[in-house]
Each structure stands twice: as C-alpha cells, then as structure tokens.
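Just so you know, all these numbers are worked out from the coordinates, no wet-lab data involved. All values derive from a computational prediction rather than experimental measurement. We place every Cβ from the backbone using ideal geometry, glycine too, and count neighbours over all the protein chains shown.
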C-alpha cells in the first residue's frame, strides 16, 4: 500500500456510495488495521442521518418544554379535562358535523392543487452553490481529522460527562 491516508479516503468515499441496510441497526462501525501518519489504526463510524435528526429534535423538544422554575426537572404533560357530554342531536349538531367534513375536504383539495402547481411550475432559483447537471454522480471526497484519545478524555472531564 503506497499511501495509507489515500486508502482511508478512498474507503470512506466508497462507503458513502452505499446505503445503510434498513433491516439492521442504522449505524456501521468499520475498524481498519491501517497504520497512518497519525494513528495505529482507523475507526470509521457511519450513522444514518435520521438518528442524528431524531436525537436533535427530541433534545430540542425536551429543552423547550422545561420549567423555568426548575430547569433540571423533566417536563410535565398537561391533562385535558373532558367536557360534559351534551345530548344535542338536533339540527346544529348535524350541521356542524357536515361543515367540519366539508372544510376538511375543501382544504385537502386546495392543498393537493397547491402542491401540484408548486411541483409543476416552481423552479429552483439559480445560486452559486448549485452544481452543474450530473454533479450528484461525481465521486465524493471527505475531509477528516484525527482526534487523540487523550483529547477526548480532556473534553469529557471538562464537561463532567459520564463515561
């Protein structure tokens, strides 16, 4: 092997061309016993973006629902009290039920038409970030950084994290 760094970059590039099997956990750990200029071996941890998205979203939701008086306490869920049932089976009951169904169907129809019009007639604006046609088929390159275990332990201790 001429260049271990180039081998690792090519391995990661080829790894990005494949999808993660959805029948298995949505993460992969690849350990390469390749000695590079910065490490004795290389570990590649590939995570499906939905895991990060879900974790970030849940963290955001939990943080947004905490009480200001006690930020460390878990959020509480308010319970809605059920109103007393009224036996109104008259004209207004049927009219309101019909009106609710009509509004639901009307709004659904308008949303479908707006979606179709947007998909058919709205074009993306040209920006400097937009690549030429076929750019999605060009090989990917990844920039990586080696992090020493001592640095990770230093950050863990600075954050009082549990190992």
As a test of understanding, state the convex hull volume per residue of the chain from its alpha carbons, in Å³.
303
What spacing in nm lies between the two simple spin-label points modelled at residue 38 and residue 61, each 7 Å away from Cα in the Cβ direction?
3.7
Taking the chain as the reference, fit the longest principal axis to its C-alpha atoms, fit the long axis of helix 4-16 to the helix C-alpha atoms, and give the angle between the two in degrees, 0 to 90, nearest 10.
20
Cα-derived Rg over Rh, computed across the range 26-70 with Rh taken as Kirkwood radius
1.32
A student applying the Cα gyration tensor rule (rounded when a/c is under 1.5; otherwise prolate if a/b is larger than b/c, oblate if not) would label the range 36-109 oblate
Ranked from fewest to most other Cβ atoms within 10 Å of their own Cβ, 20, 47 fall in the order 47, 20
For the range 74-163, what class follows from the C-alpha gyration tensor (a ≥ b ≥ c being the square roots of its eigenvalues): rounded when a/c is under 1.5, otherwise prolate if a/b is larger than b/c, else oblate?
oblate
How tilted is helix 49-64 with respect to the longest principal axis of the chain? Cα atoms for both, answer in degrees (0 to 90, nearest 10).
60
Where does the range 117-163 land on the Kirkwood hydrodynamic radius, alpha-carbon pairs, in angstrom?
16.0
Give me 10, 53 ranked fewest to most by other Cβ atoms within 10 Å of their Cβ, as a rough exposure proxy.
53, 10
Which of 57, 26 comes first, and how do the rest follow, when ranked by fewest Cβ neighbours within 10 Å?
57, 26
With n ≥ 4 as the cut-off for DSSP H runs, can you work out [θ] at 222 nm for the chain, using -39500 (n - 2.57) per run divided by the number of residues, rounded to the nearest 500?
-14500 deg cm²/dmol
Express in whole angstrom the spacing between the alpha-carbon centres of the range 52-76 and the range 94-123.
34
Spin-label model distance (nm) - residue 11 vs residue 124, 7 Å beyond Cα toward Cβ:
3.3
Long-range alpha-carbon pairs in the range 1-53, meaning those over 18 Å apart, account in percent for 38
